[in-house]
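Quick notes on the structure that follows.
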Ligand SMILES: NC(=O)c1ccc[n+]([C@@H]2O[C@H](COP(=O)([O-])OP(=O)(O)OC[C@H]3O[C@@H](n4cnc5c(N)ncnc54)[C@H](O)[C@@H]3O)[C@@H](O)[C@H]2O)c1
């Protein structure tokens, strides 16, 4: 309790999935939270559920003017911005030879440009406070290649790289910037057909923990990096993936479960 007492946080893509879970956990830990998302109905419903400590703000992360308004209105309402979680993203499907320029650009403009615009919108305020924590949600796909999702992979590697540059530029102002790298998580993005965890887990035999992750398991990692407990973490990358990027099993050899 109260690990984020007196802190004001913005969570992009906060209306559903891991973003929504993060908003819930942040409020539970004493933060006031701005749920920033294009999904107005879901965002407003979550804000009502979370009560006075939360509000919804319509934000398209790829829109520079939207960010300006969000930063201004957050300061007007809460007086400061301590935490930014750049979580909003889209999963764009299609092999390189099939992918249109527009689809590739859509992934980059929401996932990568959106993260850049977010950092740029809050950095001057955090620098002036000489304190702040920015948590960028990348992916295990920001650490490896994956077929069928080249635009998403490129955007998530970009988020990881941008995090390092921002950690250098903002660190000496007292602002920490870190990235989180989820593995497969049970949200609409990775489970659009709403399969049960048991059904999904059949595809996770290769992952050392042999199961999909639940949104709160990412939110807890975000909470740590957002809080003062992570006071010496800057430019770090935290995988929360059940061991997915650690490696894959050689079936039948010692140490493998199958
Ligand atoms: N689900 C997974 O398996 C997985 C794995 C690794 C990383 N991630 C990352 O975790 C983060 C959260 O994903 P999720 O699984 O909760 O997905 P989700 O699709 O459930 O949620 C994404 C949220 O982002 C919002 N969003 C999309 N475009 C936006 C825009 N232009 N402006 C503002 N908001 C926008 C959506 O409305 C939605 O609320 C993403 O960055 C995703 O890439 C997810």
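Bear in mind that the values in this text are calculations on the coordinates, not laboratory data. Since the model is a prediction, treat every value here as computed from it, not as a measurement. Cβ atoms come from the backbone with ideal geometry, glycine included; neighbour counts cover every protein chain shown.
The C-alpha atoms of the chain define a longest principal axis, and helix 17-28 lies at about 50 degrees to it.
Computed packing ranks the peptides 95-103, 153-161, 250-258, 20-28 as 20-28, 153-161, 95-103, 250-258, most packed first, by mean other Cβ atoms within 10 Å. Compared with the dominant Cα axis of the chain, that is its longest principal axis, helix 215-226 is turned about 50°. For the chain, what is the relative contact order in percent, using Cα pairs closer than 8 Å and at least 6 residues apart in sequence? That works out to 18 percent.
When you count the other C-beta atoms within 10 angstrom of each residue and take the mean per peptide, 109-121, 196-208 line up highest first as 109-121, 196-208. Sorting the Cα pairs of the chain by distance into bins of 10 Å, from 0 upward, gives 7, 31, 37, 19, 5, 1, 0 percent per bin. Rounded, prolate or oblate: which one fits region 177-258, using the alpha carbon gyration tensor with axes a ≥ b ≥ c (rounded when a/c is under 1.5, else prolate when a/b beats b/c, else oblate)? In terms of gyration-tensor shape, oblate.
Projected label points at residue 131 and residue 206, each 7 Å from Cα along the beta carbon direction, are separated by 4.5 nanometres.
Between 0 and 90 degrees, the angle of helix 40-50 with respect to the longest Cα principal axis of the chain falls at about 70 degrees. For a paramagnetic label modelled on residue 95 (point 7 Å from Cα along Cα→Cβ), amide N atoms under 12 Å away are absent within region 174-207. Taking every DSSP beta bridge that has both ends in region 8-246, the antiparallel portion is near 0%.
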